[in-house]
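As structure tokens, the structure follows; a few thoughts come after it.
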Amino acid sequence: MHPPTGNERLPGRPVSGFVPGSAAAAGPPPFAAGAPLMRPGAAAPFAPPTQQPGVPPPLAGASPAAPFGAAPPAAMGGYRGPPPPQGPFGTGPPPQGPFATASPPQGPFATASPPQGPFAKAPPPQGPFAAAPPSQGPFAAGPPSQGPFAAGPPSQGPFATAPPPFRHPPSLGQPQSPTGSGMPAPTYVRPPPVQSQPPPVQGYYPGVPSSNPQFPMSRPAYQPPMQTMPPPPMGPPSSYSNQPAYPTSGPPMGTLQSLVEDFQSLSVSSAPGSLDPGVDVKGLPRPLDGDEEPAKVFEAYPLNCHPRYFRLTTHTIPASQSLVSRWHLPLGAVVHPLAESPDGEEVPVVNFGSAGVIRCRRCRTYINPYATFADAGRKWRCNLCTLLNDVPGEYFCALDASGRRYDTDQRPELSKGTVEFVAPTEYMVRPPMPPSYFFLIDVSVSAVRSGLLEVVAKTIKSCLDDLLGFPRTQIGFLTFDSTLHFHNFKSSLSQPQMMVVADLDDVFLPLPDDLLVNLVDSRHVVESFLDSLPNMFHDNVNVESALGPALKAAFMVMGQIGGKLLVFQSTLPSLGIGRLRLRGDDVRAYGTDKEHILRVPEDPFYKQMAAEFTKNQIAVDIFSFSDKYCDIASLGSLAKYTGGQVYHYPSFQATTHGEKLKHELSRDLTRETAWESVMRIRCGKGVRFTTYHGHFMLRSTDLLALPAVDSDKAFAMQLSLEETLMTTQAVYFQVALLYTSSSGERRIRVHTAAAPVVTDLSEMYRQADTGAIVSLLARIAVENSLSDKLDSVRQQLQLKLVRSLKEYRNLYVVQHRIGGRLIYPESLRYLPLYILAICKSLALRGGYADVSLDERCAAGFSMMILPARRLLNFIYPSLYRLDEVLTMEPGRIDGSLKRLPLTLQCLDTAGLYLLDDGFTFLVWLGRMLPPELVNDILGVSLANFPDLSKIQLRECNNYHSRNFMTVLRTLREKDFSCYQLPRVVRQGEQPREGFLLLSNLVEDQMAGTSSYMDWILQIHRQTQSS
Amino acid sequence: MSVELILWLFSFASVMVLVGLTAYQLICLSDLEFDYINPYDSSSRINAVVIIEYALQAVLCAAFLLTLNWFPFLVMAPVTYYHVKLYMNRKHLVDVTEIFRQLHGEKKYRMIKLAFYFGLFIITIYRLVMTAVLLFIDEDANLVETRTI
């Protein structure tokens, strides 16, 4: 497919100078230079279709093809209007994108059949593209192929239309049959939803009358696979007795097919009186492959942004309010605007220059691949609000026959779902800020004793070279205990000057500037400060911590510029404004209505401060190290409303946690960050985003203010329907993030996506995305836990699951007597387990004694920002068996790591297991494990080292240890955003084993919670009861 | 001028002010909803008048109690109690970080309060006119009596 596409680009440039009037004169030379085959398509916009046969002399050899060659572009023209109604998956407007892109390359097929050779070899990856040839290829092959053509357009779906050309061209029939049979039968037989053909298309096909007689003859070609289709795995076959009726009527086939595809069931019936619950525990679905990104959606909608940036909980929009009310799961999206893209897929940057950023006049949507052009390219129609906008003169380009701009392939904003625009000065309220970092370090006695200062100082020093925005970076430090210590980094000094302010009630700055300085100018002063920092306070015995005044001081220093404020807090703030009380050790609060108060900020000071910080473009990251309670709930609200992040290192000790802190701090300092940003999500008429979940501050009803945002943060939001009945065919979404890059450029990152509007609940279930649903549900649950009891939060989650499965059951249970079975859609097969896992997650599990309040809050803050993939791994960690892997060749290790179900039954006493939840590694040593292996890995004899909590794993000079470290490295490389700290626990080592490992085995029964099997039974019972 | 008339004149004025303050808060909230002002301005404007409103309402309630006007006092007492409760829990101010989430609730709360103050306004007007008329009739009666004698 690619060479012809390349040819098509050649004429693309000269054409931009086209004037409709002079088309005939200007047309031929470029095309003669390029591929002559392009001509019919290219000339089409300038000549009525009826003139087509006379235009292209090069095609004279294939004279019967000529009228057909002209027809499809004309048909494309029909797509300019509102997109045609859609079949379930691939027929919406997006496939028309590939349709349009694919149509020129079809030229070669029109004249010669050999090019179809490679085509035939490659169908599976080319899914959507395969849809194009049927309209072209068959015509070239001559009259016999008109059959599929006549049948083709009505049967939309890319896969459905693909087979005919493989079958029909006589010369290719044989070699292609394997391909045809390789296609999955169910999709192959997709019924022709007749309405999905745009009416105008009919009129443009000159060959329609002659093809009509062949229509019935072409049908049988479709039917055999239909009739040989395997019956659905469950349900009595008698329910399909009306099957012969299907070939004649289109739509019912969809139902049949959906049954084949969708629903899965679990037998949960037990014989009366038997102890066996009747559930095959091993057969329960488990997400051992981690997150499944909805890649199918991306294939069907290649103009959408990649699902890593934007995922809908179900990639459909319900057409009516009643459908929404029957969809009991949240309807919304998970947005990860700065997700790291793999190498080679960098986001293209577009600079519009003097034309300015092209946006819709009314709804301010940015130009995107779904925008259509009209009036010979002088106008463009906004796909969100359908307003016709003028195309600026500098941006003008002529259209081809299909209404597509010639330069579409050269312009990423018209061909890719994700682009970045360079924003001109209208998008700035002030000159782009320099990246600035201000460190607020608690130097009270606990910080000194734990060795925190040393680790922090060393890490910052090692990162100085990699800080973002090299020549402009600003840096500053403020240390505090019961007083505030300002440090003067004036570049003319050789040593930093320390100034102590003891007045906590009325904080003032001892110096007007030089507290936040340019790193390049004052590099030597900063370095000498970092060298002396650990010693400066090493005999400090002050136990107080005046965080509140320190925050105020930091605000005064940074207020003008903004930037990132990193707070290193190791005790409970005890002095000045914002001092906090010890709370959270009150057992009695749990289970009462007052329980949630422990999880919300105690002092409004922190919220007000956070609001002020956001206003001045300051993002706060909290690093908390206390071994006692330090009220993460209050401190975390600083991060929550400023787009920051909470790092919690309970009982920090430099020797054990130092490595983790070092990695995470340097990641925080050096990852690509978008500064002073705002994000807005626009969507088409009829839907509206109502609530947002994540770390940000709402500046207006739909504008998220994000002082700093980076690749580790995702946001979730919920949708609601504004109209009772949606009349459009598709709804478009556009995420726009306006930010200042570290290099000081103002940029707009735009992600565009389309989703079809459906009227069918089963279609919504089919397109459901478990990752996004779980992500959204977890965030809602964590937010609810701030205003409700944990117990009722968990009940709400369960209720949502039950309601949705009950609704799904009602769709099918009438036709099929599936009494003793729990049925669920294939797309949601992991949902019950994930919801169980959310209920057992660190943030929501148990009650007072199960998790300390700080850890619970810290986990809650983490869950609010984690992208879907990491969240799923956090709530359902990966468990690997390592003892066998360790004896392998190092090269084969990565492939042989297999995830195991999270249940105690998987743990063999003679095994060594590793649990990875994305934040820690837990190494579990079986009781019967050979002592040599243990000693090799730990580097010490287990018998001489009773306290495993203090052990550090480092590479020892032996085979097992090296392999073990390779495993850890491999797993860490999968995700750099967090450094998993290894912790070792022995089998039967209570109580550590209990709260480290057993509480993470979410499929097992723990105190007061059900096991996976009980959970399924419980859900099943509840879905059955009305 | 009797004490009664002064009381009702005072209550008339203060209920007018209360209605005005509540309407002002409502306007701030709906401006915020339609993106005319930012949440920082909106919440600081609302928070600036909340205490005034509470104080005025409490004073009015106390005035009714001291003048032994039981009916208006009983009407106002629950609201006063509610205000005191909010104030003690430090929930009387609008939270700028969560203002959008609470927008609908806050609007509804102020709508109800506005309706309540309107009701109070009607009572006040009625009682004010009653008192004034009775006073004049009394005076007239005195006048008539002095003339006839």
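The values are calculated or read from the model by the stated rules, or taken from the named source; none is laboratory data. Treat the numbers as computed from the prediction; the structure is a model and nothing was measured. Every residue, glycine as well, gets a Cβ built from its backbone with ideal geometry; the counts of neighbours run over all protein chains shown.
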Here the residues within the range B:90-112 that are touching a residue at least 40 places away in the same chain (Cβ under 8 Å) and of a type in the set (Lys, Arg) are B:LYS107, B:ARG110
Could you list all residues from the range B:94-108 that are surrounded by fewer than 17 Cβ atoms within 10 Å (Cβ to Cβ), closer than 18 Å to B:THR22 by Cα and either within 12 Å of chain A (Cβ to nearest Cβ) or not basic (Lys, Arg) (or both)?
B:GLN102, B:HIS104, B:GLY105
For the range A:709-719, indicate whether the set of residues that are in a strand (DSSP E or B), more than 12 Å from chain B (Cβ to nearest Cβ) and over 19 Å from A:VAL334 (Cα atoms) is non-empty.
no
Would you check which residues across the range B:1-48 are surrounded by 14 or more Cβ atoms within 10 Å (Cβ to Cβ), within 30 Å of A:PRO604 (Cβ to Cβ) and acidic (Asp, Glu) and list them?
B:ASP31, B:GLU33, B:ASP41
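Here is a yes/no grid of residues against (1) at pLDDT below 90; (2) more than 19 Å from A:PRO982 (Cα to Cα); (3) assigned by the TED database to the domain that holds A:SER634:
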| site | (1), (2), (3) |
| --- | --- |
| A:VAL851 | yes, yes, no |
| A:MET864 | no, yes, no |
| A:LEU871 | no, yes, no |
| A:LEU897 | yes, no, no |
| A:LEU907 | yes, no, no |
| A:LEU933 | yes, no, no |
| A:PHE945 | yes, no, no |
Residue in the range A:726-749 that is nearest to A:MET679 (Cα to Cα), counting only those that are touching a helix residue (DSSP H, G or I) at 6+ places or on another chain (Cβ under 8 Å) and either in the same structural domain as A:THR473 (by the TED database) or of a type in the set (A, V, I, L, M, F, W, C) (or both):
A:LEU738
What is the number of the single condition among (1) assigned to a helix (DSSP H, G or I); (2) within 12 Å of another protein chain (Cβ to nearest Cβ); (3) β-branched (Val, Ile, Thr) that B:VAL84 does not meet?
(2)
Here is a check on your reading of the model: is A:ARG688 of a type outside the set (S, T, N, Q) and assigned by the TED database to the domain that holds A:THR752?
yes
Residue list for the range A:561-580, filter: among the basic types (Lys, Arg) and part of a strand (DSSP E or B):
A:LYS564
Taking B:PHE118, is it assigned to a helix (DSSP H, G or I) and either modelled with pLDDT under 90 or within 11 Å of another protein chain (Cβ to nearest Cβ) (or both)?
no
Pick from B:VAL15, B:VAL50, B:VAL3, B:VAL19: which is farther than 18 Å from B:ILE112 by Cβ and of a type in the set (A, V, I, L, M)?
B:VAL3
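Rundown of residues vs (1) outside the structural domain of A:TYR979 (by the TED database); (2) among the β-branched types (Val, Ile, Thr); (3) surrounded by fewer than 22 Cβ atoms within 10 Å (Cβ to Cβ), yes/no style:
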position	(1), (2), (3)
A:ILE632	yes, yes, no
A:GLY643	yes, no, no
A:HIS648	yes, no, no
A:THR655	yes, yes, yes
A:GLU659	yes, no, yes
A:SER666	yes, no, yes
A:GLU676	yes, no, no
A:MET679	yes, no, no
Regarding the range B:30-42, can at least one residue be identified that is within 14 Å of chain A (Cβ to nearest Cβ) and among the aliphatic types (A, V, I, L, M)?
yes
Is there a residue in the range A:518-529 that is over 27 Å from A:PHE625 (Cα atoms), among the polar types (S, T, N, Q), in contact with an Asp or Glu (Cβ under 9 Å, 6 or more places away or on another chain) and surrounded by 19 or more Cβ atoms within 10 Å (Cβ to Cβ)?
yes
For the range A:464-473, does any single residue satisfy the condition of being within 12 Å of A:LEU669 (Cα to Cα), assigned to a loop (DSSP other than H, G, I, E, B) and of a type in the set (Gly, Ala, Ser)?
yes
Suppose the filter is away from chain A (no Cβ under 11 Å), in contact (Cβ under 8 Å) with a residue 12 or more places away in the chain and farther than 27 Å from A:THR701 by Cβ; does B:ALA55 pass it?
no
Take the range A:612-625 and flag every residue that is more than 14 Å from every other protein chain (Cβ to nearest Cβ) and out of contact with any Pro (no Cβ under 9 Å at 6 or more places or on another chain).
A:ASP621, A:ILE622, A:PHE623
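The rows are residues; the columns are (1) within 14 Å of chain B (Cβ to nearest Cβ); (2) more than 23 Å from A:ILE441 (Cα to Cα); (3) in a loop (DSSP other than H, G, I, E, B).
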{"site": "A:ALA610", "(1), (2), (3)": "yes, no, no"}
{"site": "A:ASP627", "(1), (2), (3)": "no, no, yes"}
{"site": "A:SER634", "(1), (2), (3)": "yes, no, no"}
{"site": "A:ILE681", "(1), (2), (3)": "no, yes, no"}
{"site": "A:THR691", "(1), (2), (3)": "yes, yes, no"}
Applying the selection to the range A:551-598, what residues are farther than 23 Å from A:ASN518 by Cβ and small (Gly, Ala, Ser)?
A:SER570, A:SER574, A:GLY576, A:GLY578, A:GLY584, A:ALA589, A:GLY591
State whether the residues of the range A:968-988 include one that is exposed (fewer than 15 other Cβ atoms within 10 Å of the Cβ), within 37 Å of the chain's Cα centre (by Cα) and basic (Lys, Arg).
yes
Taking helices (runs of 4 or more DSSP H) that fall entirely within the range A:915-1026, which contain at least 3 residues that are of a type in the set (Val, Ile, Thr)?
A:959-973, A:1012-1024
Take the residues in the range A:583-608 that are within 12 Å of chain B (Cβ to nearest Cβ), part of a helix (DSSP H, G or I) and in contact (Cβ under 8 Å) with a residue 12 or more places away in the chain; name whichever of them is surrounded by the most Cβ atoms within 10 Å (Cβ to Cβ).
A:TYR606
Within the range A:303-321, restricting to residues that are part of a loop (DSSP other than H, G, I, E, B), out of contact with any His (no Cβ under 7 Å at 6 or more places or on another chain) and of a type outside the set (Gly, Ala, Ser), the one that is farthest from A:SER827 (Cα to Cα) is A:LEU303
Residues of the range A:637-660 classified as aliphatic (A, V, I, L, M) and within 14 Å of chain B (Cβ to nearest Cβ), total:
2
